[in-house]
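All remarks here apply to the structure that follows.
Here, each number is a calculation from the coordinates, and none is a lab measurement. Computed from a predicted structure; not experimentally measured. Cβ coordinates were reconstructed from backbone atoms using ideal geometry, including for glycine residues, and neighbour counts include every protein chain displayed.
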Amino acid sequence: MRTAILSLRDIVVTNMKYFRRTLDMARVDLVKRYSGSILGIFWGIVRPMVFISVYWFAIQVGLRGNQPVDGAPFLLWFLPGIVCWFFISDALTIGGAAIRANSHLVTKMVYPVATIPVFTVLSLYFVHLMLVGIVVVIFILSGYGLSVYIFELFYYTLCTLTFAFVVSTMLSTLTAVSHDVGHMVKSIMTALFWLTPIIWSVDTLHGIVRYIVMLNPVCYLVQGYRNAFVLERWFFVEWEYTVYFWVLMTALTLFTSFLFAKLHKEFSDIL
Amino acid sequence: MGNAVRVSGLTKTYRLYESSIDRALDVFRRTDRSRKFTALNNINLDFPAGEVVAILGKNGSGKSTLLKIITGVASQTTGEVEVNGRVSAMLELTSGFDKELSGEENIYLRALAMGIPRDEVEAKKQEIIDFADIGTHINQPVRTYSSGMKARLGFAVSVSVDPDILIVDEVLAVGDDVFKLKCIDKMQHFRKEGKTILFVSHSLFTVKAFCTRGVWLDKGVVMAEGDLGDVITKYEDFLREERRRAKAVAPKDEAPPMDKSDVVKIAGFRMLNQAGEKTTNFKYGEDVLFEFRYEVKRPVEKLTFCFTVRNAEYHEVFMADKQNPDNTIASNVGKHTLRVRLRSPNLLAGTYALSGELWNNEAAFYVGYSNKRPFTIEQDEFIGTGITRIDYEFEND
């Protein structure tokens, strides 16, 4: 416990000290990810858009599941959740491999390792914010409109960012040590997608199953994006769930700090 | 003058695991399941400021580990490292370059990773580009660069930070001679400015020309340190001894299941003059002959012969085409003799060396019949200097 708290302090202090460099690295990371392509960063938006269109076609036209959900047209109900998921999915796979992907910073240079997952997640977050902006525009153009609950988005995007920082640091610490963890993350992504109420509503579940599904922190975030756009629920109204999420985040943060403290000195020996 | 770097009681132990998942699981275990490997064992060293220190040792002696710990990339298991001044480490010149970005963008990228503020890069950019000397390629993606160009760019960025202590780990091995000269020149410049350089190179030639002090590491222990001359003498003695022992042991050690001589056996190589007498002295302009017996013991598809003539410094004078089908020789099982006549090779007086092999290109199999066998050419009248005589004529109006 003591190790975890001290290490958490180190990680936070390091990140504050190098924050400017981290921002620059995030920008460069973004440029690098799409370098050599003509559309550049727009691929970061095109790819999810294509994905959304295909899902929408399959469900609305193919499966004829055109019923409004929670009083909103399916597409509009679906958009906030899937956009949240795209970011989480990238944060887990790309962010979760950040240290290994930037191994040259660890083994060939003196670079603050604790900021590597942070700048990777930040570069993904830029794209995410653009997508959220597009969703807002779609809501306005569709005539469905926005309500005062949209301000909740500030809270939920911050929750998602925190989640992404913590989990990507944890996973990239583990993937740096063991390739198996990286493969494991990739293979459970599909399961996580279907087990999280992204294209189905958690309200269709009842009893114990509903609570088991809600244990998944990603469920809290996806539901949260929906609260802001269509469900019109305040996060402090569902306060038990909010408390659960933050307790879980605290535990994960301490666990991550503990792992990092134990393993980060060995990164340069392993990578 | 004080010490630029002081290392005391430094030990580095690597933890090795059978499987990588064990390393992760060990975090939660009370027991440590790793095997230990000690790369550095209680090292005490002072690196005085203003010296160029060569770090010598075989592969795996702990040189790179030591440099990485001094740099701060790796962390020691126990012991102290005290560094006075700004360190720039060249552990690898081209790592971290993004292939798709241009050379100029990569300057920023690398400088950013090294923590150099943007305005400082801006000020140094022209200097970096000039030193790298890659012309208009600077605006092209780095993937189009040759390895030498990449190395030059990497070196240019690394030295641009104006370090007090420069750490160079075997990076001059890449790149061409021009690049090497340029780097050595730059490092000489640093030396004159009183900066400290820690230098790892397998080229003893470069080390002798450039370094002032030496440290010799073997198996993680300091074997010798001090003036370069003393250290290098001890190290070279050690290498010679090592080679001698390796030679003595080698025949017993490596007995491959099937030797080349089980396929083709060569015997009785000799060189002959025009008269057919055995000799290694030839007159200028005279034919040079050599012959040998070979016995094909197992069926070989096709054998060709080739030969190489080198001068005294072992620079190639001529090598016959290894794939020339005209050089095909008998390859049926049995004993054969091959006699080759080099028709009046216009070699000038001097010592030359003849090498040659029999080849089977399909199987990439070869067996040598002569390895740099020396022969001399004598000449009575002086007709010019060099290796070979070039026939010439002239017109004069």
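Overview of values
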{"quantity": "Neighbour-count order for B:L217, A:L158, A:L192, B:L45, fewest beta carbons within 10 angstrom listed first", "calculated": "A:L158, A:L192, B:L45, B:L217"}
{"quantity": "Of A:L221, A:L79, A:L248, the one that fluctuates the most in a GNM where chain A has Cα springs shorter than 10 Å", "calculated": "A:L248"}
{"quantity": "Counted charge near A:V121, where neighbours are those whose Cβ lies closer than 12 Å (Asp, Glu -1; Lys, Arg +1)", "calculated": "-2"}
{"quantity": "Net charge of neighbours whose Cβ lies under 12 Å from the Cβ of A:Y225, counting Lys and Arg as +1 and Asp and Glu as -1", "calculated": "+1"}
{"quantity": "Which of A:W56, A:W239 has the fewest Cβ neighbours within 10 Å, and the rest in rising order", "calculated": "A:W239, A:W56"}
{"quantity": "Proximal charge balance of B:E170 [Cβ under 14 Å; K/R count +1, D/E count -1]", "calculated": "+3"}
{"quantity": "Percent RCO, i.e. relative contact order, over the range B:270-397, from Cα pairs under 8 Å lying at least 6 residues apart", "calculated": "28 percent"}
{"quantity": "Of the DSSP H helices in chain A, those whose Cα atoms cover at least 24 Å axially and whose Kyte score averages 1.0 or more", "calculated": "A:74-93, A:116-141, A:152-177, A:239-263"}
{"quantity": "Sorted by Cβ density within 10 Å, fewest first, the residues A:I11, A:I188", "calculated": "A:I188, A:I11"}
